[in-house]
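**Q** I'd like to ask some things about the structure below.
The values are calculated or read from the model by the stated rules, or taken from the named source; none is laboratory data. Everything quoted here is computed from the prediction, not taken from an experiment. Reconstructed Cβ throughout: ideal geometry from the backbone, glycine too, with neighbour counts over all protein chains shown. Accessible surface is based on the protein model in full, side chains and every heavy atom, while ligands, DNA and RNA are left aside. Shrake-Rupley method; radii C 1.70, N 1.55, O 1.52, S 1.80 Å.
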Amino acid sequence: MNKAEVLGRWTKEKSEELYGIKNWGNSYFSISDKGEVLVNPYKDNASSAISLMDIISGIRDRGLDMPVLLRFENILDSQISFLNNSFNEAMKKLNYKGVYRGVYPIKVNQQQQVIEEVTKFGQRYHHGLEVGSKAEMIAALSLMKDKEACLICNGYKDEEFIDLGLYAVKMGFNCFFVIEIPYELDLVMERSKALGIKPNIGIRIKLSSRVGGHWTESSGDRSIFGLNVSQLITIVDKLKEINMLDCLKLLHYHLGSQIPNIRDIRSAVLEATRIYSELVKEGAPMGYLDLGGGLAVDYDGSNTNFVNSRNYSIEEYCTDIVEAVMSILDTQDVPHPVIVTESGRATVAYYSVLLFNVLDVQRFEEYELPEKLDENTSEQIKNLFDVYKNISLKNIQECYNDALYYRDEIRDLFKHGRLSLRERSLSENIFWNTINQIAKEKQKIKHAPPDLEDIESAIADIYYSNFSVFQSIPDSWAIDQLFPIMPVHRLLDLPKRNAIIADITCDCDGKIDRFIDLHDVRNTLPLHEMKNGDTYYLGVFLVGAYQETLGDLHNLFGDTNVVSVRINHDGTHDLVKEIHGDSVADVLSYVEFDPKDMLVNLRQTAEEAIHEGLISAKERQEIMKAFDNGLRGYTYYED
Ligand SMILES: *Cc1c(COP(=O)(O)O)cnc(C)c1O
């Protein structure tokens, strides 16, 4: 029995509970009465929900293959609105005198379409952009229109970068240079003098507050970014000396991404606000307090301070920040600044869904074993068989130890030529049935022995699936990040199998064997049995942040097809943009092959094969055609 079967007769509600969609879906994702995953960017209007299966069929009709990355532009719109409205409401409720001006950090998802949509949807809130490099700066300048929005320049800045920022100021943009290392100030001043443009200066500080989570290194004294307190004072003195303290307008810090605990967020805001108020007392005009990113996404839906979750809502985040800033400034009579945050992850994570099909399944099956073993079977195999026959709830740990012991003994005997391959095969079958039996018994007890914690994944089915972990969800591989994964249809059927997912790279790390769970991390995912002839589709959700450009070309699997979807209020939808994924020729040219040369080379090889009498001229033509088709094709498995 798997976890699903324990829950009894199957319904949509049980699928909701099993896959946790209500916990992590943020009301954007739900399950329909037909048992399909629905997407609904307008949380309050149920009639606009669209089934992912309808979108898949539209994509297939247009001739696009899986895997496909879907981007829902209305979800991006909704998230930007939600963040801005939450800050605005918190400020109103608490009688805050300043305003909120969010910026979207381009590095979180740099696709042109994403930035274009952020600037478009963000305009009504004056939501701006944050850039961390020259290339991002150039991208931002090409798309930004709103002069009231902030353009924050972080990262190391050379002369070219600084000149672009100064020109932005000249054109009327609200552009800030954030000083990350002391040396940058001299360069900014030098260029400002040369171009005759006064810069807006911000300073990034290192806070002493440290935070929990994946990215703790960005915070605390060990952080490689930002200025410490004495460097900050040196900069203030320098600005005073050259009579430019009036350029100092912004204080910035960034604790790192995905901060799961609201207490860490609060204590950082308090520390930074203290520094802010001291800078005002030093005579700097200030006016902007930029709290960086870190607003977390509840990937597992547990609402806890676990690394893949967060123990606060966006509303609480906003209220806590506004409250903390006021609590310090109001006692010191310092005016309320514009609050800036650089939320990337929370802005774009919900926006994208990765869809792929399952290609094949390696099922774990019980082996058929004889009732009794042959008289002259080796002693060790007989012993293993006895272990198998005598498993009970009380002795599973002991049976597990014994099974491992005899299996290893038998493998040794085989190595030394004392057992045949058939005998070894029999013993392995007995062994796996034993493990399976132990796993079944284990289900019945509450606190299983620690050795058996992971036993299910040893006997899990493997669902071979048409995607690359490295290309599409690199953080799953690199930092063990969890993403919600579930079938997007058949959700009225009981998912009888326990599975792990393997991708089509030939790397043993190309798999997913940790899954979200409310209380823990799950080692297997309940999935449906494959039906002959029917395609089984899985979705990986909340992949809009960081995954697209961190992805790599492992095994030369390239970018997937991308389809942008706009969902209309009346429940219709438009596929507004299709971007074809990389072809084989594309990915080969990234690694410096030249497809033209390759064709020439192969033609030569084939010509020689004709000379040697291995193929005919006609066959050469067919071979060349197959090669050429291959070059043009999608890097993933095509139907
Ligand atoms: C990466 C980064 C962000 C984005 O952080 P999220 O946690 O994704 O919101 C913001 N600011 C800076 C300086 C960053 O480096």
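**Q** In Å and on Cα atoms, what radius of gyration and Dmax does the stretch 358-506 show?
**A** Every Cα atom of the stretch 358-506 included, Rg and Dmax give 18.7, 55 Å.
**Q** To continue, here is another question. To the nearest 20 debye, what charge dipole does the stretch 461-620 have about its Cα centre, counting +1 at the Cβ of each Lys and Arg and -1 at the Cβ of each Asp and Glu? Each step should come with its number before you reach the end.
**A** Working: 13 positive and 27 negative charges, 115 e Å.
The calculated dipole for the stretch 461-620 is roughly 560 debye.
**Q** Give me Rg over Rh for the stretch 308-357, both radii from the alpha carbons and Rh done the Kirkwood way, two decimal places.
**A** On the way: Rg = 16.5 Å, Rh = 13.8 Å.
Result: Rg/Rh = 1.20.
**Q** Quickly estimate the mean residue ellipticity at 222 nm for the chain, helices only: each DSSP H run with n ≥ 4 gives -39500 (n - 2.57), and the total goes over all residues, rounded to 500. Don't skip to the answer; put the middle values down first.
**A** Details: 23 runs with 260 residues, N = 639.
Roughly -12500 deg cm²/dmol at 222 nm, from the helical runs in the chain.
**Q** Something else now. Per residue, what volume in Å³ does the convex hull of the Cα atoms of the chain enclose? Mind dumping the intermediate values first?
**A** Details: hull volume 138.4 nm³, N = 639.
Roughly 217 Å³ of hull volume per residue.
**Q** What is the sum of charges around VAL361, taking Lys and Arg as +1, Asp and Glu as -1, for the other residues whose C-beta is under 13 Å from the C-beta of VAL361?
**A** Value of the local net charge: -1.
**Q** Please work out the Cα center distance from the stretch 251-325 to the stretch 469-532, rounded to the nearest Å.
**A** Centre-to-centre (Cα) distance: 33 Å.
**Q** If you don't mind, there's one more thing I want to ask. Counting heavy atoms of the protein chains only and a 1.4 Å probe, report the per residue accessible area for the stretch 408-450 as a whole number of Å². Can you show the working numbers first?
**A** On the way: 2700 Å² over 43 residues.
Accessible area per residue: 63 Å².
**Q** Could you pull out every residue, at least 5 positions away or on a different chain, whose amide H is within less than 5 Å of the one on ILE203? Hs are placed 1.01 Å off N in the peptide plane, and Pro or chain starts have none.
**A** ILE179, LEU250, LEU251, HIS252
**Q** Further question on the same structure: For the stretch 226-349, go through all pairs of different Cα atoms, get the mean of 1/r, take its inverse, and jot down that Kirkwood value in Å.
**A** Details: mean 1/r = 0.0647 Å⁻¹.
Over the stretch 226-349, the inverse of the mean reciprocal pair distance is 15.5 Å.
**Q** While we're on this one: Arrange the peptides 335-343, 98-106 so that the one whose residues have, on average, the most other Cβ atoms within 10 Å appears first.
**A** On the way: 335-343: 21.8, 98-106: 23.3.
So the peptides 335-343, 98-106, ranked by packing, come out 98-106, 335-343.
**Q** Which value in Å does the Kirkwood hydrodynamic radius of the stretch 220-270 take, with 1/r averaged over all unlike C-alpha pairs and then inverted? Write out the running numbers ahead of the final one.
**A** Values: mean 1/r = 0.0761 Å⁻¹.
Kirkwood radius, the stretch 220-270: 13.1 Å.
**Q** What do you get for the angle between helix 314-332 and the principal long axis of the chain? Use alpha-carbon atoms, 0 to 90 degrees, nearest ten.
**A** 30 degrees
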